[in-house]
Amino acid sequence: MSIIYQESTKTFYLDGKNVTYAFFINYAGYAEHLYFGKKIPHDDLLYTRMRGPDSCIATAPGRDDQFIEPIFSYIDFPPEVSFFGTGDYREPTILAQMEDGSRLSDLLYDGYSILSTKPKIEGMPSLSGGETLIVHLVDSINSLKADLYYTVYDDCDIVTRRIVYINDSDKIINLKRAYSFAIGLPGHNYEALSLYGSWGHERMIDRTPLHHGVFSIDSKRATSSAVLNPFLGILEKGADEDKGEVYGFNLVYSSSWILKAQVTLDGQTIICGGINDFDFSWKLDPKEEFSTPEIVISYSNEGLGGMSRAFHDAYREHLIPEKHVKSPRPLLINNWEATYFDFNNEKLMSFVDAIENTGIDTLVLDDGWFGARRDDTAGLGDWIVSEDVLEGGLSTIINYANSKGIKFGLWFEPEMVNEDSNLFREHPDYAIGVPGHGRCYSRHQFVLDLTRSDVRDYIVNSVNNILHNNNIQYVKWDFNRNVTEFFSAELPAERQSEFAHRYALGLYDLCDRIIGGNPNVFFEGCAGGGARFDPAILSYFPQIWTSDNTDANERATIQYGTSLVYPLSAMSCHVSVCPNHQTFRVASMETRSNIAHLGATGYELDPTQFSNEDKEEIKNHIDVYHKMRKLIFEGDLYRLNTPNDNEFSFLVVAKDKSHAELLCYRRHCGPGKEVYRVRVKGLSENKNYYIPELNATISGKTLSCVGIPVAFPYGDYMTAKYHFVEK
Ligand code: GLA
């Protein structure tokens, strides 16, 4: 049993692999947070409750009990959930408006249930497995209920949470804020870490101390976005890659979201968030319920490295589709950077000839194969093969590829439509827009209204028509612009602020039907590069295109930031042409291959231009990749130094510590530079390891204390690799 309720203290203890989460039901009937951290025995934790400065705060509504339990006051207790209108002026988790216009909800404890199997969220992805606690809260005046869901796992250091709001009354309740969780952490000696970015610069790292007041990050774009990832790290001051306490919060959600950290008057820190309540409301009809997306909360006392390993384990074991998480992926070549829109059967067939016997096993045809899509101004939405480009349809190239043992993959952007398309001409209302207003253009395209079932049916049928009639084994699902007008012609006025969340539900329905309905096709996620890199997308797409920026030097930084939360196996990484198309930087094939090797590797360049030397190098790289893939996909990641340093490294250690691979990267070479010495962490101190590159056998203990000096080849943007094999 991982979840225990102790009646004498009304305390719930939830034990994960190395963590304990504890809260109790206080005198007034509120769920009060006690502890989340390293695993502890089930001691009575009520001694930790301290009264803060008295500020004549309100008591529980209708109960003048402030003096009955003197240590209880609203601003003192660390909440599991908090509400507006009850004297608690901290960030509310919920703001519900009743039919009479009142906004007070007083949700009190009303029992609990423990489930050995975690229930799925209807219509939304979530982590699977784990023992689940449901704490039932009720506001009996308004007949509003809230079920707090908690799940713990015996194989990883996370807790997941969400809330189901239930209207048990016969009146309408309007949810104006419906966050997924709140948690009160002790003290305020923390820094916030977030992953910001843009196109070509996804998941850069920002770190800032928390101050009194609210630190908030969000998306208002109906997508999880490259601008800010739905992740917040809360770090004990001074925590670094290896040491210090770190809490991670990651939403399993792909639409507009928010995460906040509030330092309160009495010096505690409350983290909360979920669906962004900006431009949000949800009309809860009598007897209806509403589930929030799930939040994954990790704890590490081994700094950021420990946090990353906790998320990686959780996502590999409980989120990424099981059949793909550990199995080999398609080793593909994508034609985008090689041809852009300029291709035909002959050119693609020459690609097939050029990749024969290299180890590349899949040819992926990117944008431009359908409708009038000769450039990015037309054709999106018309998922019909363009015979102008591919004479005889897709079968010519697919048959040719298959005859040479090469599989075939195809690009779609199912959620989009160009103004210049048959779909838009026939159904202009399928595109999101506000009547009477023009639509915002972005890459000449509009977003389809996924809140509508007829639009979703059109997409499912037209994509399936291609997939069912051709031998396609891989799909790249792209999403190249943000939503702007936030309006659906089909929704009544009072439900228009449900739009962003309904977009996500529509997207998940599409994924369930298209991905679920084509179990033999491998689906990769993409969004104008890596702009929708979130756990919900990962639950459908085992790998996601990390960035359109394929420059190895920049990719090393992007992949470093992404790895803070997401496992290497989730990152799609291609070796692209040199000089690079985004930066015109020159980097060797070895460097480009080694950086792409830190994920689900692939190629994106013209293979007919391969020299014999390139071919040999690619063959070797693929050979090494196949040998190391299991380690890269399943091992524990340790990062050494940071992208702010001239040299930094990624070390992946097998779970059983029998072997490891270290990839070091140096940006700039220069005379007189210090030797870069790396302490090799994560190995077993009691084992000896043979290092072929040094032809030496050294103990894990020595490697972790003394390290190894890294010998980079001369030149800028160089890599060096070392292997460690138990002797
Ligand atoms: C996006 C993707 C690219 C490519 C183009 C095609 O930008 O990120 O990889 O597929 O669309 O238009």
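Numbers for the structure displayed
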{"read-out": "Residue check for V586: open to solvent by 50 Å² or more (accessible area, probe 1.4 Å) and part of a loop (DSSP other than H, G, I, E, B)", "value": "yes"}
{"read-out": "L380 being aliphatic (A, V, I, L, M), open to solvent by less than 60 Å² (accessible area, probe 1.4 Å) and within 13 Å of the ligand (Cβ to nearest atom)", "value": "yes"}
{"read-out": "Meets criteria (within 26 Å of S105 (Cα to Cα), out of contact with any His (no Cβ under 8 Å at 6 or more places or on another chain), touching a residue at least 60 places away in the same chain (Cβ under 8 Å) and open to solvent by less than 10 Å² (accessible area, probe 1.4 Å)) for L133", "value": "yes"}
{"read-out": "Cβ pairs under 9 Å, 6+ apart, first in region 432-445 and under 18 Å from P492 (Cβ atoms), second within 16 Å of the ligand (Cβ to nearest atom) and modelled with pLDDT of 95 or more", "value": "I432/F446; I432/V447; G433/F446"}
{"read-out": "Among the candidates V389, V417, V364, residue that is assigned to a strand (DSSP E or B), within 16 Å of the ligand (Cβ to nearest atom) and either more than 21 Å from L605 (Cα to Cα) or open to solvent by 10 Å² or more (accessible area, probe 1.4 Å) (or both)", "value": "V417"}
{"read-out": "So Y503, is it surrounded by fewer than 24 Cβ atoms within 10 Å (Cβ to Cβ), assigned to a helix (DSSP H, G or I) and of a type in the set (F, W, Y)", "value": "no"}
{"read-out": "Residue check for A531: of a type in the set (G, A, S), open to solvent by 10 Å² or more (accessible area, probe 1.4 Å), within 26 Å of N250 (Cα to Cα) and within 16 Å of the ligand (Cβ to nearest atom)", "value": "yes"}
{"read-out": "Enumerated strands (runs of 3 or more DSSP E) restricted to region 214-326, each holding at least 3 residues that are crowded, with 24+ Cβ neighbours inside 10 Å", "value": "231-236, 246-252, 257-263, 269-275, 294-300"}
{"read-out": "Odd one out for D449, checked against (1) within 16 Å of the ligand (Cβ to nearest atom); (2) among the acidic types (D, E); (3) in contact with a helix residue (DSSP H, G or I) (Cβ under 8 Å, 6 or more places away or on another chain)", "value": "(1)"}
{"read-out": "Residue within region 12-22 that is open to solvent by less than 20 Å² (accessible area, probe 1.4 Å), β-branched (V, I, T) and either assigned to a strand (DSSP E or B) or modelled with pLDDT under 95 (or both) present", "value": "yes"}
{"read-out": "Out of V325, V389, V385, V364, sole residue that is at pLDDT below 95 and among the hydrophobic types (A, V, I, L, M, F, W, C)", "value": "V325"}
{"read-out": "Sole residue being among the acidic types (D, E) and within 16 Å of the ligand (Cβ to nearest atom), chosen from E604, E617, E634", "value": "E604"}
{"read-out": "Subset of region 340-361 that is open to solvent by 10 Å² or more (accessible area, probe 1.4 Å) and within 16 Å of the ligand (Cβ to nearest atom) - its residue that is nearest to T601 (Cα to Cα)", "value": "Y340"}
{"read-out": "Filter result for D478 (crowded, with 16+ Cβ neighbours inside 10 Å and within 16 Å of the ligand (Cβ to nearest atom))", "value": "yes"}
{"read-out": "Of residues in region 102-118 being in contact (Cβ under 8 Å) with a residue 24 or more places away in the chain and under 29 Å from the mean Cα position of the chain (by Cα), the one farthest from S2 (Cα to Cα)", "value": "K118"}
{"read-out": "Counted residues, region 394-405 - those being open to solvent by less than 10 Å² (accessible area, probe 1.4 Å) and either within 16 Å of the ligand (Cβ to nearest atom) or in a loop (DSSP other than H, G, I, E, B) (or both)", "value": "1"}
{"read-out": "Failed item in (1) open to solvent by less than 50 Å² (accessible area, probe 1.4 Å); (2) more than 29 Å from V565 (Cα to Cα); (3) in a strand (DSSP E or B), with G670 passing the rest", "value": "(3)"}
{"read-out": "First in region 478-492 and of a type in the set (S, T, N, Q), second anywhere and open to solvent by 40 Å² or more (accessible area, probe 1.4 Å) and within 13 Å of the ligand (Cβ to nearest atom), Cβ under 8 Å, 6 or more apart", "value": "N480/S442; N480/R443; N482/S442; T484/S442"}
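The values are calculated or read from the model by the stated rules, or taken from the named source; none is laboratory data. All values derive from a computational prediction rather than experimental measurement. Please note: Cβ atoms are built from the backbone with ideal geometry, for glycine as well, and neighbour counts cover all protein chains shown. The protein model used for the area step is the full one, side chains on, heavy atoms only, and it has no ligands, DNA or RNA in it. Shrake-Rupley method; radii C 1.70, N 1.55, O 1.52, S 1.80 Å.
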